[in-house]
Amino acid sequence: MQVRQRVRSVFLSGVLVLMAYSVQSPAQSTSNEVKPDAVKLETERDGQHDFDFQFGRWRAHNRRLLRPLTGSNEWVEFDATIVARPIWGGRANMDELEADTPSGHIEGMTVRTYNPKSHEWSIYWANQANGAFSLPPTVGKFKDGRGEFYDQEEFNGRSIFVRYLWTVISPDKTLWEQAFSVDAGKTWETNWIIDATRVKQ
């Protein structure tokens, strides 16, 4: 009888140990799990230097659609100079564009600021004609050497989407395109193309 009680006692002790382990184990594994958000945060690429390629002086050939979103296919072409440099220790940058166009002299400035939390750039444009930055900014990022930036704004009384595309062809050659959409991005009409070549010092 004593032997039977001892066996039962040992058996019950073993069951209690296993139950305690099974209760603690999920909690331990949960605390050690890597959350999907954390993985995304760790693997998100830092794009702070995405525009470093542009620093310096460029000769830029421009093609602009005279009357966007009217069905017109009349383009004008002109050359410009662009000078780009970093600001805020590289956390932002700016460039200045100067050109003589068929409609007059243009002096423009682009300022780009980087958000390290969203990993996105905000792009602001101003020219000497209005003396103010355009709002809202055009926002986006680079992936595999191609940058895509978007905003929504008013154009000639219509609400449109605006898209900038940056393509880095080589360290000395880039392509920039602006396009408008009136159908929420289903179709796009390109209206400004800048083919830029670096000026060697």
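Some values worked out for this structure:
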item	result
Loop trypsin sites (Lys or Arg not before Pro), the range 148-201, which have at most 12 other Cβ atoms in a 10 Å radius of their Cβ (DSSP)	186, 200
Spatial separation of Cα centroids for the range 107-156 and the range 58-93, in angstrom	13 Å
Restricting the range 74-103 to GluC sites (Glu not before Pro) in coil, as DSSP defines it, with at most 14 other Cβ within 10 Å	74
For the range 125-201, alpha-carbon Rg relative to the globular expectation (2.2 N^0.38 Å, N residues)	1.23
For the range 52-198, Kirkwood radius (reciprocal of mean inverse C-alpha pair distance, Å)	16.0 Å
Sorted by Cβ neighbour density within 10 Å, fewest at the top, the residues 118, 134	118, 134
Neighbour-count ranking [beta-carbon atoms within 10 angstrom, fewest first] of 164, 124, 150	150, 124, 164
Stretchable slack from residue 190 to residue 75, in nm (0.36 nm times residue separation minus alpha-carbon distance)	40.3 nm
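Bear in mind these aren't lab numbers, they're just calculated from the coordinates by the rules spelled out. Since the structure is predicted, the reported quantities are computational estimates derived from the model, not experimental observations. In this analysis, Cβ positions are derived from the backbone assuming ideal geometry, glycine residues included, and neighbour counts consider all displayed protein chains.
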